[in-house]
Amino acid sequence: MSKKRNLIFRLAVLAAVLVLTPLYAQQAAQSTEKETIDEYIALLRKNIRNEKTSVLKQSLKRAPEQAEVFWPIYRKYEKELQALGDDRVASVQEYSEHYDSMTDEKADELVQRRLRYEEKLLALKKKYYERVRKTLGARTATRFLQVETHLVSLVDLQVVASLPILE
């Protein structure tokens with residue numbers, strides 16, 4: 001039972017980090033320039049990746065030989081996910097920059113960009129689900145995808161919740 005509590009605690013900490021993100025970002029935006037905000041975003045993303053890794057370690061306890069197979073696959077996945085995340089961050093920044101002067105064309109461009117992001121994210125999940133399934137079996141691949149989907153959804157929910165609805 002203590003393992004489950006530890007996992008729940010880690011998820012709660014991750015959720016707290018995500019909830020506090022807009023508050024810190026807002027303070028940073030008011031008192032600093034773009035470079036500082038970018039540094040903050042990079043640090044925050046690194047912290048989230050570390051927490052995700054910790055949660056996955058708790059959820060996917062594997063024998064050492066299985067871990068030796070899983071973690072290199074996961075690191076490749078995380079690298080590709082980070083590239084997608086870079087585009088997502090840029091898209092959010094662009095939305096913020098154009099919010100007050102949003103044209104129909106810019107709104108459509110940003111929505112199309114978001115839809116492409118979602119397609120790429122789904123393709124990435126499918127690709128790495130298959131890699132994990134082929135090497136470690138469907139049960140491990142399912143747990144990987146479940147945990148990863150929950151964590152990515154938490155991050156995305158926090159991002160979306162911090163953005164105002166276009167008027």
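The values are calculated or read from the model by the stated rules, or taken from the named source; none is laboratory data. None of the values given here were measured: they were computed from a predicted structure. Neighbour counts are summed over all protein chains in view; Cβ atoms, including those assigned to glycine, are modelled from backbone coordinates with ideal geometry.
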Exception for Ala123 within (1) within 15 Å of Leu81 (Cα to Cα); (2) in contact (Cβ under 8 Å) with a residue 60 or more places away in the chain falls at (2)
The correct count of residues that are of a type in the set (Val, Ile, Thr), farther than 13 Å from Tyr128 by Cβ and at pLDDT 90 or above in region 70-110 is 1
Here the qualifying pairs (Cβ atoms under 7 Å; residues six or more apart or on different chains; first in region 138-167 and surrounded by 14 or more Cβ atoms within 10 Å (Cβ to Cβ); second hydroxyl-bearing (Ser, Thr, Tyr) and assigned to a helix (DSSP H, G or I)) come out as Ala141/Tyr129; Arg143/Ser59; Leu145/Tyr129; Val147/Ser59; Gln158/Thr21
